[in-house]
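Here, each number is a calculation from the coordinates, and none is a lab measurement. Keep in mind it's a predicted model, so treat the numbers as computed, not measured. Cβ atoms come from the backbone with ideal geometry, glycine included; neighbour counts cover every protein chain shown.
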Amino acid sequence: MSFKPISEIGEFGLIERLSRITAPSARQRPELLEGIGDDCAVWQLGESEVQVVTTDLLTEHVHFDLLTTPMRHLGSKAISVNVSDICAMNALPDYAVISIAIPPKMPVEMVEELYRGIEHAASVYGLAIAGGDTSSSPSGLFISVSMTGRTTPEQLALRKGASPGDLICVTGTLGGSCAGLHLLQRERATMIEQMRNNEPYNKEVMAELQEYAEAIRCHLLPEARIDIIDFFSEENIVPTAMIDISDGLVADLGHLGRRSGVGAHIDESKLPVMPEARTVAEEFQQDVFDWALSGGEDYQLLFTLPKSQYDLIAAHRDITVIGEITEKEEGMLLTDIFGMTIDLAEMKRGFDHFAG
Ligand code: ADP
Ligand code: MG
């Protein structure tokens, strides 16, 4: 047997191979409507309801850095990223269980702060924390949240279901989380430098962080778009397909396109770029459109809707139409701000845990 490094197939190649191993058990349960491959697994709960289930693992040094992340924010984010996956199914959350692996030196008060953030977010989203598991960790903090939610079979929205001609819509703004991450990483480098030199902490850095509070908030305290799910319900809107933007717009549009068996054409000039992210990108001499397209962690919803339903969303000031679904053969295209059309398959992809 030869051994292959995971980086050769990437995170999604690995999941695909693992899903082949687990396919037989999934086939044993006919009420399972969606297994591996969507934002949540879905199973039938009686005639008129479906349950959706998701899980997300936050790993210290991979997803967060304790030098720049307050524990309370981290707790809230751990809940929000799961609620975001529930929303991506056009469902509402109901219960969560939480597992933590803690380095033994971490004080009780820090873990309590984490849970105050968890509890705050749970109250805001109206879900109950119903259990979990606790372990020690030889290296770093791990937080795993699993969450259930519900919707009706009629309202359920999957990654598959988009058809050529559908409008591609996105909620909120993009690029903010990536801008916040850049600011926090710079702050972290400054803090480490000052600690090395035994200097007192430089308040000027903090002042600058306050100037960019919105971008930093976007990164540390993203909010799941449960308000959009309520809006869909009030207006009787059911997206033909939906995904949340966690890996980056291009990557997540790719997931939606592949599952739906369609292509897409988006217009860079229509992207709702967060204004503050533009200023931060200028400061870092980076292209803010790269951040909006590939930055990830914005936790906005990306969904498709038949053109005939445009009037239903036209007046919503937090929903932007950024393009149109096309035939699969046309691939994934972007017309950039200069009017050039680019193949998105050749662009830098979104986040992959094992990308080489
Ligand atoms: P999201 O970004 O929406 O949380 P992921 O990219 O993490 O989704 O996962 C994509 C799909 O792969 C989901 O359906 C998820 O349940 C499944 N998946 C991811 N990792 C594993 C794993 N280790 N075992 C089984 N299924 C997995
Ligand atoms: Mg998702």
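Identify the GluC sites (Glu not before Pro) of region 128-213 meeting these criteria: DSSP loop state and at most 15 other C-beta atoms within 10 Å of the C-beta.
On the way: sites: Glu154, Glu187, Glu193, Glu204, Glu208, Glu211; in loops: Glu154.
In loop regions of region 128-213 (DSSP not H, G, I, E or B), the sparsely surrounded GluC sites (Glu not before Pro) are Glu154.
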_Cα-derived Rg over Rh, computed across region 143-296 with Rh taken as Kirkwood radius_ = 1.06
*Hey, what do the phi angles of region 289-298 turn into as Karplus ³J(HN,Hα) couplings, whole Hz, using 6.51/-1.76/1.60 and θ = phi - 60°, x for Gly and Pro?*
5, 4, 5, 5, 7, 10, x, x, 6, 7
*So if R0 is 22 Å, what FRET efficiency would Phe284 and Ile15 give, r being the distance between their Cβ atoms, rounded to the nearest 0.05?*
0.10
*Express the relative contact order of region 1-68 as a whole percentage, based on alpha carbon pairs under 8 Å and six or more residues apart in sequence.*
14
*Signed unit charges on C-beta, dipole axis of the chain, positive-most listed residue Thr279, Ile98, Phe3*: Phe3
*FRET efficiency estimate (nearest 0.05) - Cβ-Cβ, Ala355 to Asp65, R0 25 angstrom*: 0.80
_Length-normalised contact order of the chain in % [C-alpha pairs under 8 Å, at least 6 apart]_ = 22
*Return the sequence-ordered ³J(HN,Hα) values of region 65-77 in whole Hz as given by the Karplus equation 6.51 cos²θ - 1.76 cosθ + 1.60 applied to θ = phi - 60°, using x for Gly and Pro.*
10, 5, 5, 10, 10, x, 4, 5, 5, 4, x, 5, 5
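Please give the length that would be gained between Arg217 and Asp230 if that part of the chain were fully extended, namely 0.36 nm times their separation in residues minus their C-alpha to C-alpha distance (nm, one decimal). Spell out each step's value before the answer.
Details: separation 13, 0.36 × 13 = 4.68 nm, distance 2.32 nm.
That works out to 2.4 nm of additional length.
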*Have a look at Ile322, Ile337, Ile243 and tell me which one the Gaussian network model of the chain (Cα, springs below 10 Å) gives the largest fluctuation.*
Ile337
*When the dipole is taken about the Cα centre of the chain, and only Lys, Arg (+1) and Asp, Glu (-1) are charged at their Cβ, what size is it in debye, to the nearest 20?*
920
*What ranking do Asp94, Asp227, Asp311 get, fewest neighbouring Cβ atoms within 10 angstrom at the top?*
Asp311, Asp227, Asp94
*Going by how many other beta carbons lie within 10 Å of each one, how would you line up Val81, Val53, Val62, fewest first?*
Val62, Val53, Val81
*Radius 15 Å from Cβ of Leu33, net charge of other residues (Lys, Arg +1; Asp, Glu -1)*: -1
_Cut-off under 5 Å, modelled amide H: who pairs with Val273 long-range_ = Leu174
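Among Lys270, Lys4, Lys105, which comes first, second and so on when ranked by fewest other beta-carbon atoms within 10 Å? Working shown, then result.
Values: Lys270 14, Lys4 11, Lys105 5.
Least crowded to most crowded, the residues run Lys105, Lys4, Lys270.
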_Going by amide H atoms built from the backbone, whose H comes under 5 Å of the H on Gln300, apart from near neighbours?_
Ile245
*asked:* Per DSSP helix of 4 or more residues, -39500 (n - 2.57); summed, then divided by the residues of the chain. What does that give at 222 nm, rounded to the nearest 500?
replied: -11500 deg cm²/dmol
_Could you compute the net charge surrounding Gly331? Neighbours are other residues with a C-beta less than 11 Å from the C-beta of Gly331; K and R count +1, D and E count -1._
-4
*Built amide H within the under 5 Å cut-off of Leu33, gap 5+*: Val42, Trp43, Gln44
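Between Ala315 and Met340, what length in nm is gained on full extension when 0.36 nm per residue of separation is reduced by their alpha carbon distance?
On the way: separation 25, 0.36 × 25 = 9.00 nm, distance 2.96 nm.
This chain segment gains 6.0 nm when fully extended.
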*Give the span of the chain's Cα atoms along each principal axis, as three whole-Å numbers ordered largest to smallest.*
62, 53, 51
*Of the lysine pairs in the chain, how many meet both conditions: Cα atoms under 20 Å apart, and a spacing of 8 or more in sequence or different chains?*
5
